[in-house]
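Everything on this sheet refers to the single structure shown next.
The values are calculated or read from the model by the stated rules, or taken from the named source; none is laboratory data. Being a predicted model, the structure only gives us computed values, none of them experimental. For neighbour counting, all protein chains shown are included, and Cβ atoms are generated from backbone atoms with ideal geometry for every residue, glycine included. What goes into the accessible areas is simple: the full protein's heavy atoms, side chains included, and nothing from ligands, DNA or RNA. Shrake-Rupley method; radii C 1.70, N 1.55, O 1.52, S 1.80 Å.
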Amino acid sequence: MTKGTPSFGKRHNKTHTSCRRCGRRSFHIQKKTCAGCGYPSARKRTYNWAEKAIRRKTTGTGRCRHLRNLPRRAKNGFREGTVAKSQKHRA
């Protein structure tokens, strides 16, 4: 048996499956850890030697569902539970 082409036909077991945190196919089934984001560790896996990888994953590359509203809410002092005055009856 050579180590080249014939050996590749024997590879049919998956070592990694999709990760529930980052969505990549990097979650090692036996180790129970993600090679991409480090899940289930509380801290996200990042390294400064991988500058491009940080750029791909950093804040602002996704939808920013919470973060996109913060400047507007901060401008108004994080007020909640109030109703705007009607513009109709103003003089």
Mean residue ellipticity (222 nm) of the chain, computed from DSSP H runs ≥ 4 via -39,500 (n - 2.57), nearest 500: -4000 deg cm²/dmol
Relative contact order (percent, whole number), the chain, Cα cutoff 8 Å, 6+ residue spacing: 10
Integer Hz, Karplus 6.51/-1.76/1.60 couplings in order for segment 8-25, x for Gly and Pro: 5, x, 7, 8, 9, 9, 8, 8, 10, 10, 6, 8, 7, 8, 9, x, 7, 8
Computed label-point distance, nm, for sites Lys44 and Ala84 using a 7 Å Cα→Cβ extension: 3.3
Residue among Lys52, Lys75, Lys44 with the largest mean-square fluctuation in a Gaussian network model of the chain, springs linking Cα atoms under 10 Å: Lys75
P(r), alpha carbons of the chain - 5 Å bins starting at zero, rounded %: 2, 10, 11, 12, 11, 10, 10, 8, 6, 5, 4, 4, 2, 2, 1, 1, 1, 0, 0
Backbone HN-Hα couplings from phi across segment 48-58 [Karplus 6.51/-1.76/1.60, Hz, Gly and Pro as x]: 6, 6, 9, 5, 5, 5, 5, 4, 6, 9, 6
Area of Ser7 that stays accessible when all protein chains are in place (1.4 Å probe, Å², to 10): 30
Candidate residues His16, His66: accessible-area rank, largest first, probe 1.4 Å: His66, His16
